[in-house]
Amino acid sequence: MRVLTVGETMALLDPLEDGATYRLRIGGAESNVAIALKRLGVDVTWISRLGEDPFGDLVAETLEAEGVDVRVRRDRTRPTGVYFKSRVSGETRMHYYRGGSAASRLSTEDVPHDALDGIDLVHLTGITTALGHSARELVHDLAEQARARGITVLLDPNYRAALWSSPADAAAALPQADWFLCGLGEGNLLFGTSSPEELAAAIGSNAAIRVGERGALVTDGGRLVEVPPRRLEDVVDEVGAGDGFAAGFAYGLLNGWDGVRAAGAGNLVAAGALKGGGDWETYPRLAEIDEWL
């Protein structure tokens, strides 16, 4: 089993309990998924651009240490992006400093056609479509190439209001995919819907809709099936849970499972993300959840 994903990963300054001291980590939707899948025994290639700076070194070295196949271009003229987290009233907020980053120059040149050789699933997010015209072109080109070759395409819109003029613009920039994963509130914003049923119809393809502690709703034979989590966790930091769900869901598809069973795997990995700070550090390894899978 082999997965390809493309997108921006940044240096992350994560607050400790005093709120004034920060721990240096890394985070990015696509690399979060890459790490989670690798911990489940799946080989993953992550493609991006990084600045030729210490933060870029940190990103590459951290992902390589997790066993991810890292393929990046290093840019001397553009920096690696940075973001901060803060906790306000029990909710994590993120503050990005990514304008003009190396990854904002991602283009079709960064993913040669042979990068898809031997790939079983491509994971993409709407964050990359927001980085700029060339990055958006890359996402669409990669999705089209993959689907033409019979490779499953998994898409998570990962809507970030700060990156778009409107939710409708963000939705219009998304490519076609075999499976569409999103949160219920996020999806309703993107498509102007007000219920899970309306959202599933608007998506118009296979969909897995995250519904918080209820787990997920998955399209199955024209109906929505609720897939509850096996257990609930005390939430330390909710960031990374959606990416964990995507990784678990991808793991299920790679094993030939239907969407309902794949969503169960997604719930398990997402639960692991909730248990600690950072974006990916508490994702489970296969041995920890194999019995439940």
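The values are calculated or read from the model by the stated rules, or taken from the named source; none is laboratory data. The shown structure was predicted, so the numbers you read here are calculated from the model rather than taken from an experiment. Reconstructed Cβ throughout: ideal geometry from the backbone, glycine too, with neighbour counts over all protein chains shown. With ligands, DNA and RNA removed, areas are computed over all heavy atoms of the protein, side chains included. Shrake-Rupley method; radii C 1.70, N 1.55, O 1.52, S 1.80 Å.
Here are a few candidate values for Rg and Dmax of the Cα atoms in Å: (1) 17.6, 51; (2) 20.2, 70; (3) 24.4, 75. Which one was actually calculated from the structure I just gave you?
(1)
So how strong a dipole does segment 6-162 carry about its Cα centre when Lys and Arg Cβ are +1 and Asp and Glu Cβ are -1, to the nearest 20 debye?
Its charge dipole is roughly 460 debye.
Between Glu17 and Arg160, how high is the FRET efficiency from 1/(1 + (r/R0)^6) when r is the Cβ-Cβ distance and R₀ = 41 Å? Nearest 0.05.
Here the calculated transfer efficiency is 0.95.
When the gyration tensor of segment 1-43 is built from Cα positions, what are the square roots of 5 times its three eigenvalues, in whole Å, from largest to smallest?
Equivalent ellipsoid of segment 1-43: 27, 12, 5 Å, largest first.
At R0 = 22 Å, how high is the FRET efficiency between Leu286 and Asp69 if r is their beta carbon distance? Nearest 0.05 is fine.
Working: r = 18 Å, r/R0 = 0.82.
Computed FRET efficiency for Leu286 and Asp69: 0.75.
Modelled label-to-label distance, Phe84 and Trp257, 7 Å Cα→beta-carbon offset: nm?
Label at Phe84, label at Trp257, 4.0 nm between them.
Shape verdict for segment 14-70, please, from the Cα gyration tensor: rounded (a/c under 1.5), prolate (a/b greater than b/c) or oblate.
Oblate shape, in that a/c is at least 1.5 and b/c is the bigger or equal ratio.
Just check segment 143-194 against the gyration tensor rule for me: Cα atoms, a ≥ b ≥ c as the square roots of the eigenvalues, rounded for a/c under 1.5, and otherwise prolate or oblate depending on whether a/b exceeds b/c.
It is prolate, given that a/c is not under 1.5 and a/b is the larger ratio.
Towards the positive end of the charge dipole of the chain, with charges on Cβ (+1 Lys, Arg; -1 Asp, Glu), say which of Tyr283, Leu174, Ala207 has the farthest Cα.
Looking along the dipole axis, the top candidate is Leu174.
Out of every Cα-Cα pair in segment 202-293, what percent are more than 18 Å apart?
Looking at segment 202-293, the distances longer than 18 Å represent 39 percent of pairs.
Excluding ligands, DNA and RNA, what is the solvent-accessible area per residue of segment 144-293 at a probe of 1.4 Å, expressed in Å²?
43
Classify segment 136-293 as rounded, prolate or oblate from the Cα gyration tensor: take a ≥ b ≥ c as the square roots of its eigenvalues, call it rounded if a/c is under 1.5, otherwise prolate when a/b beats b/c and oblate if not.
rounded
What does the helix-only formula give at 222 nm for the chain: each DSSP H stretch with n ≥ 4 adding -39500 (n - 2.57), the total divided by the residues, and the result rounded to the nearest 500 deg cm²/dmol?
Result for the chain, helices only: -9500 deg cm²/dmol.
Carbon and sulfur atoms: what percent of the 1.4 Å accessible area of segment 121-273 do they account for?
Carbon-and-sulfur percentage of accessible area, whole number: 47.
Rg (Å, one decimal) plus Dmax (Å, integer) for the alpha carbons of segment 55-200?
When restricted to Cα atoms, segment 55-200 yields Rg and Dmax of 16.6, 48 Å.
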